[in-house]
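Structure, as structure tokens:
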Amino acid sequence: MKILHISLYAHYTEGMLYQENVLIDMNRKDGHDVTIITDVERYEGGKLVKGPEEDRIMANGARLIRLKHDRVINSFFTEKIQKCRKLRKYLEEIQPDTILYHGVNGYEMMDVAKYCKEHPECLFYMDSHEDYTNSAMTFASKMFYKFIHGHFVHKALPQVDKILYLGVQMRDWLKDIYNIPNDKMEFMAIGGIIYTPEQQSEARQDIINRYALPKDAIILAHSGKLSAGKRTEELLKAFAQVKDPRLALFVFGSIPSEMEEILRPLLEADSRVHFMGWKVNKEIEQFLAGVDLYCQPGGQSSTFETAMCCGCANMTYPHETYKDETYSDCNGENYFFVDGTEDMVNVFKQITDNPMILEQTKAKSFAFAKLQFDYEVIARRIYT
């Protein structure tokens, strides 16, 4: 089967663990001919850089095509409209059996719909990464989505087989902004690669050996672009209040300039905190296989699902998506929900006073991940 991923504003970067990356790997593992068409920007060392157009085969065997957006009025509208006339040529050349268009926005969804109308045997899916934490956050932005992208959406919608939303907040956003009917939408979780208990045990022992941690260490991790919204400051302050020597916190990511004077002293004040700097997601994933608790007290991130698949328990803000039954067991006992520093301190005290609570939470989380978040299963959704 020929599978085409279109991601014209996602800055596809090899080595990352975003949805497009892992789906492509899984599609290739299933033996399919896979292409991704994306923009010319990518991340290097945590920073966004622009490169040339290109067309080449990646290490995983998938074809990578980078295209510049057509200029529309000025750089702002060029970036927001995402028009790319060259796309149509590649659609005709590739002749895909399935198209997954990442993100429910952009001019080119109409060209994809036109192609699918002319080739009704081609399946056309879109997935939604948008919600009110990352899109339509101001009145002007909301109007832009509703009327500009909304026009594109409703032109394309008759040819779309399903819009796949990644969580309840995305579903509600689609209904509010675009008035997408329920029968056009379907849940598809962000997933991860399942690490076996044997792999987890080996990764844990490697961390203990490398960083000279006690055998009964309680290993924590936190990652991302460490902006204020990540609540890294609150996390570090909470961690500092619980002096147990078994606790070790590994922080991955880049520090924005405005957070440098705030975070750097906190990172350096406690010898149990290890700042790892920027790492590609695969390195973080392999590390997480040896971690007990992944700490995500701020905004949502795809590392949440990755951590579960690696065998971690999660400490997270109670976002609606994570409280929904598609993400949480019936009692919500597979996560530690926190809203502020005091809650984080209580979790750290709880898991140090009774480590069995942490082990039970890890077991529930991992069992749930194997059922819901295995990318080997999720990737096959777009084949039918």
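Restricting to the range 175-185, name every residue that is surrounded by 21 or more Cβ atoms within 10 Å (Cβ to Cβ) and either more than 27 Å from HIS119 (Cα to Cα) or of a type outside the set (Val, Ile, Thr) (or both). Spell out how you get there, then give the answer.
Filtering the range 175-185 down to residues surrounded by 21 or more Cβ atoms within 10 Å (Cβ to Cβ) leaves 177-178, 180.
Once the filter is applied, which keeps residues that are surrounded by 21 or more Cβ atoms within 10 Å (Cβ to Cβ) and either more than 27 Å from HIS119 (Cα to Cα) or of a type outside the set (Val, Ile, Thr) (or both), the range 175-185 yields ILE177, TYR178.
Of all residues in the range 265-311, which are of a type in the set (Val, Ile, Thr) and at pLDDT 95 or above?
Within the range 265-311, VAL273, VAL291 meet the criteria.
Among the helices (runs of 4 or more DSSP H) lying completely within the range 299-384, list those that include at least 3 residues that are under 16 Å from PRO197 (Cα atoms), open to solvent by 10 Å² or more (accessible area, probe 1.4 Å) and charged (D, E, K, R).
On the way: elements: 303-309, 320-323, 341-353, 355-372, 375-378.
In the range 299-384, the matching helices (runs of 4 or more DSSP H) lie at 355-372.
For the range 236-261, give me each residue that is in contact (Cβ under 8 Å) with a residue 40 or more places away in the chain, part of a loop (DSSP other than H, G, I, E, B) and basic (Lys, Arg).
ARG246
Can we say LYS282 is over 30 Å from LEU48 (Cα atoms) and either open to solvent by 70 Å² or more (accessible area, probe 1.4 Å) or of a type outside the set (D, E, K, R) (or both)?
So LYS282 does not fit the description; no.
Could you check the range 1-11 and list, in sequence order, the residues that are touching a Phe, Trp or Tyr at 6+ places or on another chain (Cβ under 8 Å) and open to solvent by 10 Å² or more (accessible area, probe 1.4 Å)?
MET1, ALA10, HIS11
Mind listing just one residue for me: the one in the range 99-147 that is surrounded by fewer than 21 Cβ atoms within 10 Å (Cβ to Cβ), within 22 Å of ASP39 (Cβ to Cβ) and among the charged types (D, E, K, R) and, of those, nearest to the chain's Cα centre (by Cα)?
By that ranking, first place goes to ASP111.
Regarding the range 83-92, can at least one residue be identified that is among the acidic types (Asp, Glu) and either in a strand (DSSP E or B) or open to solvent by less than 40 Å² (accessible area, probe 1.4 Å) (or both)?
No, the conditions are met nowhere in the range 83-92.
Does ILE6 satisfy being under 18 Å from the mean Cα position of the chain (by Cα) and at pLDDT 90 or above?
yes
For the range 158-170, how many residues meet the condition of being open to solvent by 20 Å² or more (accessible area, probe 1.4 Å) and either outside the structural domain of TYR145 (by the TED database) or over 16 Å from the mean Cα position of the chain (by Cα) (or both)?
So the count comes out to 4.
What number of residues in the range 268-298 are assigned to a helix (DSSP H, G or I) and over 27 Å from ILE357 (Cα atoms)?
Summing the residues that are assigned to a helix (DSSP H, G or I) and over 27 Å from ILE357 (Cα atoms) in the range 268-298 gives 4.
The values are calculated or read from the model by the stated rules, or taken from the named source; none is laboratory data. These numbers were taken from a predicted model, which means no experiment stands behind them. A quick note on method: Cβ atoms are made from the backbone with ideal geometry, for glycine too, and the neighbour counts reach across all protein chains shown. Note: accessible area is taken over every heavy atom of the protein model, side chains too, but ligands, DNA and RNA are not part of it. Shrake-Rupley method; radii C 1.70, N 1.55, O 1.52, S 1.80 Å.
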